[in-house]
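K.L.:
Pasting a structure here, questions to come.
The values are calculated or read from the model by the stated rules, or taken from the named source; none is laboratory data. On a predicted model such as this, the values are computed, not experimentally measured, just so you know. Cβ: placed from backbone, ideal geometry, glycine included. Neighbour counts: every protein chain shown. The area values use the complete protein model at the heavy-atom level, side chains included, leaving out ligands, DNA and RNA. Shrake-Rupley method; radii C 1.70, N 1.55, O 1.52, S 1.80 Å.
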Amino acid sequence: VAVVDSATGGISVAGGSSATLRNVTVARAGLVGIHGNYADNLVMERVLVEDNNADRFNPAPSAGGSKITKSRGVTVRDSVFRDNHATGLWFDQSVADMKITGSDFRGNTRGVFVEISARLVFADNIVEGNSGDGLMVNNTSRSRVWNNTFVGNTRNMVLAQDDRRPYNTSYGHDSRYPNDPDMTWVVGPVEHFNNVIANPRSGAACMFCATGYAYADDMQISSDHNVYNRANTSSPSVVVLWTTGRTDDARYYDLGSFTAATGQDPNSVLINGSAVVTNDGTPTSSMPSASTAQPLPADIATLVDQPGGTRHHGAWTL
């Protein structure tokens with residue numbers, strides 16, 4: 001099915017359970033390509049979502065490639081979100097159990113935004129050439145980010161915390177699940193392994209950014225076996241931005257000082273100069289040996305269709 005040139009929305013899945021969109025193209029919708037609300041067990045497989053928000057509505061609160069809210073068990077795999085004039089894929093308002101694998105997010109205003117939600121797996125994706133953030137995880141608990149390639153975004157990978165909580169905010173709750181212990185709207189714990197974070201756009205503030213109204217140490221971040229790559233020591237100068245409170249951030253200009261201060265990324269590598277991936281995310285001969293990667297856990301390996309224990313940096317998908 002191809003849904004093209006809709007005035008506002010392309011496809012909406014609202015209040016239905018176990019819908020599947022497979023081999024579907026949604027293009028040039030005026031506002032948003034695919035919308036979902038109370039769309040439990042939604043599957044988007046081999047979906048092409050491109051050039052949406054064609055009429056240039058405000059990027060927030062709902063424009064872009066796809067926005068899913070108040071849903072459980074959402075799977076996105078082997079899909080492409082590209083050239084959308086706002087966020088490519090956006091989860092918001094207490095979405096739980098998201099699995100995004102094997103997909104490309106290219107040339108959007110922002111690649112992927114996961115907001116006030118819980119239980120994210122983001123693995124084997126290419127996030128490339130988005131003019132804003134590549135992946136932003138905002139007020140979302142229990143995130144697992146494995147084997148992705150981030151290249152050419154402004155801020156490639158961002159963890160962000162603000163003041164919103166279920167008890168102090170009147171919107172954004174899924175009233176069907178009032179007692180979900182993970183739906184805290186607090187970042188953490190976070191797994192950040194085997195990712196390639198390469199060559200951000202000019203003007204990027206940091207390569208890996210943990211920021212907001214919190215202490216990064218409280219986010220329970222585990223970060224290791226990643227590959228950081230920049231053209232030179234000023235592109236950008238800050239490798240890691242690590243929040244130390246509401247108004248303060250620690251800035252680390254090399255990986256060694258970050259590891260010494262936080263204990264994070266002891267087996268990761270920073271390469272200044274030679275590109276480890278091309279502009280489209282293809283690995284080059286400068287990519288470090290796969291033997292230095294963390295072996296894939298069995299559940300992540302199953303999701304990305306690789307043998308358990310496989311060692312690899314970045315995404316397999318192209």
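K.L.:
Being of a type in the set (Phe, Trp, Tyr), closer than 21 Å to ASN130 by Cα and within 16 Å of the chain's Cα centre (by Cα), is that true of even one residue in the stretch 199-208?
P.N.:
Checked the stretch 199-208: at least one residue is of a type in the set (Phe, Trp, Tyr), closer than 21 Å to ASN130 by Cα and within 16 Å of the chain's Cα centre (by Cα).
K.L.:
If you go through the stretch 45-55 one residue at a time, do you hit one that is open to solvent by less than 30 Å² (accessible area, probe 1.4 Å) and closer than 21 Å to ILE116 by Cβ?
P.N.:
no
K.L.:
I'm checking my understanding of the structure. Among residues of the stretch 185-219 that are touching a His at 6+ places or on another chain (Cβ under 6 Å) and outside any loop (DSSP other than H, G, I, E, B), which one is least open to solvent (accessible area, probe 1.4 Å)?
P.N.:
By that ranking, first place goes to VAL196.
K.L.:
Here is a further query. Check off (1) under 30 Å from ALA301 (Cα atoms); (2) open to solvent by 60 Å² or more (accessible area, probe 1.4 Å); (3) modelled with pLDDT of 95 or more for ASP254 and give me the number that stays unchecked.
P.N.:
Every condition holds for ASP254 apart from (1).
K.L.:
So SER222 fits all but one of (1) open to solvent by 10 Å² or more (accessible area, probe 1.4 Å); (2) in contact with a helix residue (DSSP H, G or I) (Cβ under 7 Å, 6 or more places away or on another chain); (3) part of a strand (DSSP E or B); what number is the exception?
P.N.:
Unmet condition: (2).
K.L.:
Can you tell me which residues in the stretch 241-258 are polar (S, T, N, Q) and more than 23 Å from the chain's Cα centre (by Cα)?
P.N.:
Within the stretch 241-258, THR247, SER257 meet the criteria.
K.L.:
Restricting attention to the stretch 133-174, report how many residues are among the small types (Gly, Ala, Ser) and at pLDDT below 95.
P.N.:
1
K.L.:
Checking the structure you have, find out if any residue of the stretch 125-134 is out of contact with any strand residue (DSSP E or B) (no Cβ under 8 Å at 6 or more places or on another chain), in a loop (DSSP other than H, G, I, E, B), of a type outside the set (S, T, N, Q) and open to solvent by 10 Å² or more (accessible area, probe 1.4 Å).
P.N.:
Checked the stretch 125-134: no residue is out of contact with any strand residue (DSSP E or B) (no Cβ under 8 Å at 6 or more places or on another chain), in a loop (DSSP other than H, G, I, E, B), of a type outside the set (S, T, N, Q) and open to solvent by 10 Å² or more (accessible area, probe 1.4 Å).
K.L.:
Moving on to the next point. Mind counting the residues in the stretch 100-156 that are of a type in the set (A, V, I, L, M, F, W, C), free of Cβ contacts under 8 Å to residues at least 60 places away in the same chain and under 16 Å from ILE68 (Cβ atoms)?
P.N.:
Of the residues in that region, 10 qualify.
K.L.:
Out of all the residues in the stretch 307-315, is one or more in contact with a His (Cβ under 9 Å, 6 or more places away or on another chain), open to solvent by 40 Å² or more (accessible area, probe 1.4 Å) and part of a loop (DSSP other than H, G, I, E, B)?
P.N.:
yes
K.L.:
Could you list all residues from the stretch 144-184 that are aromatic (Phe, Trp, Tyr) and open to solvent by 70 Å² or more (accessible area, probe 1.4 Å)?
P.N.:
Scanning the stretch 144-184 gives TYR167, TYR171, TYR177.
K.L.:
Here's a follow-up. Kindly provide the set of residues from the stretch 261-278 that are open to solvent by 40 Å² or more (accessible area, probe 1.4 Å) and under 17 Å from ASP124 (Cα atoms), ordered by number.
P.N.:
THR278
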